[in-house]
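Undergrad: Right, I'll just put the structure down here and ask away after.
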Amino acid sequence: MPGALPEPEAGGAERVIVDGDPAPRSDDLVQPFRIDPFALRGRLVRLGPTVDRILSQHDYPEPVAAILGEAIVLAVVLAGALKFDGIFTLQTKSDGPVRLIVADVSTTGAVRGYAQYDTGRLGEIRERAGQSPSVPELMGAGYIAFTVDQGEHTERYQGIVELVGTTLAECAQHYFRQSEQIQAGIKLSAARVGESGVWRAGGLMLQRVPPEGGYEMIADDVEDGWRRAMVLMSSVTPSELTDPDLSPHRLLYRLFHNETVRVFDTQPVEASCRCSRERIIGILRSLPPQDVAELREDKVTTVTCEFCNTRYEFGRDEIADVPPA
Ligand SMILES: [Zn+2]
């Protein structure tokens, strides 16, 4: 993750969480929190209809949908750790049955994602590994990259690391260990829940920030507090992360009730693709002149957005003449 970007200030009125605290909204959100007095910052991400919509737009085999669901929630968790104005993208490329995963999040909370996989090879590993293959089985060897794009004329931040770990969360932890700037723990889960089998996903990240001047604590206490919070965080189960009946506040209270947890205003997240006819025409017109000429030989050119599966059809007249060189 690009470490050069500053962290956002948690917005809104902060308050101490108590048992049974009602949350106004419990799905499709980022819930920032802080554990005092150890200056630990965290975010709980809960995705309901958002992740169900993205995964349902495709007919992915179960393990592919599950790993993409985790990648989407990971992207939302990490994007929340950065202050930026633009798009945060998580991308994996690897030589296993799932060869590509892309998930991106805008500053406004628009999320989308897709995966590319090899059906034959996926069938082979499902016979061996069942429904929950590990990252090495599913994705093989490769890398995971995090990019922040803030538009033209701005510097692009990118972080990249080898895929190391049996789960996507472990791969993210590996990145944090490599980066040295970030000390963080992370838990992720994506699963079908209930009789309807809708997809849900959840993620929890806990991050250590250097203590501010106000704390008059000895370093051992801070270290102990960090270790204890990490142990508490690690105790969260996959089903707690996706449970629709367990509100974010309740879950945080359940995990950290012996500490003082302060929650901040939540940020909404929504499934939303940025594709449009105009955008795709723009892309087609920017192809090399020879390719544009070839497209114009067909009566109709069909383009399908990989993110949301929307099909766009263009008549030959819509695709511009070869632009002057
Ligand atoms: Zn789209």
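Undergrad: Summing -39500 (n - 2.57) over the DSSP H runs of n ≥ 4 in the chain and dividing by its residue number, what mean residue ellipticity at 222 nm do you reach, to the nearest 500 deg cm²/dmol?
TA: So the helix-based figure for the chain works out to -9000 deg cm²/dmol.
Undergrad: Return a whole-number percent for the relative contact order of the chain, with Cα pairs under 8 Å and 6 or more residues apart as the contact set.
TA: After rounding, I find 25 percent.
Undergrad: Net charge around GLN290, counting only other residues with Cβ within less than 12 Å of its Cβ (Lys, Arg = +1; Asp, Glu = -1)?
TA: -2
Undergrad: I've got another one for you. With only Lys, Arg, Asp and Glu charged, each at its Cβ (+1 for the first two, -1 for the last two), find how big the charge dipole of the chain is about the Cα centre; round to the nearest 20 debye.
TA: About 260 debye.
Undergrad: At 1.4 Å probe size, what's the solvent-accessible area of ARG227? Round to the nearest 10 Å².
TA: Near enough 140 Å² of accessible area.
Undergrad: Order the following by accessible area, largest value first: GLU170, GLU152, GLU259. Probe radius 1.4 Å; ligands, DNA and RNA are ignored.
TA: Descending accessible area places them as GLU152, GLU170, GLU259.
Undergrad: While we're looking at this one, here's another question. Order ARG46, ARG156, most accessible first, counting only protein heavy atoms with a 1.4 angstrom probe.
TA: The ordering from most to least exposed comes out as ARG156, ARG46.
Undergrad: With unit charges on the beta carbons (Lys and Arg positive, Asp and Glu negative) and the dipole taken about the Cα centre of the chain, which residue among ALA103, TYR143, LEU241 sits farthest to the positive side?
TA: LEU241
Undergrad: Springs between alpha-carbon atoms under 10 Å, Gaussian network over the chain: tell me which of LYS93, LYS187, LYS83 tops the mean-square fluctuations.
TA: Of the options given, LYS83 has the highest mean-square fluctuation.
Undergrad: Next up: Mind checking the alpha-carbon convex hull of region 195-285 and giving the volume per residue in Å³?
TA: Convex hull of Cα atoms, per residue: 204 Å³.
Undergrad: With every protein chain present, what accessible area does THR154 have (1.4 Å probe, heavy atoms only), rounded to the nearest 10 Å²?
TA: 70 Å²
Undergrad: I would also like to ask the following. With θ set to phi - 60° and the Karplus curve 6.51 cos²θ - 1.76 cosθ + 1.60, what are the ³J(HN,Hα) couplings of region 32-42 in order, to the nearest whole Hz, using x for Gly and Pro?
TA: The phi angles translate into x, 8, 9, 10, 9, x, 9, 6, 9, 10, x Hz.
Undergrad: Alpha carbon centre of region 66-90 versus region 241-282: separation in Å?
TA: 11 Å
Undergrad: What's the carbon and sulfur percent of the chain's accessible surface, probe 1.4 angstrom, rounded to a whole number?
TA: 47 percent
Undergrad: To continue, here is another question. Using 10 Å bins from zero, what percent of all Cα-Cα pairs in the chain falls into each bin?
TA: With 10 Å bins starting at 0, P(r) equals 6, 24, 31, 23, 11, 4, 2, 0.
The values are calculated or read from the model by the stated rules, or taken from the named source; none is laboratory data. For clarity, every value in this text was computed on a predicted model and none was experimentally measured. Quick reminder, even Gly has a Cβ in these numbers, built from the backbone with ideal geometry, and neighbours come from all protein chains shown. With ligands, DNA and RNA removed, areas are computed over all heavy atoms of the protein, side chains included. Shrake-Rupley method; radii C 1.70, N 1.55, O 1.52, S 1.80 Å.
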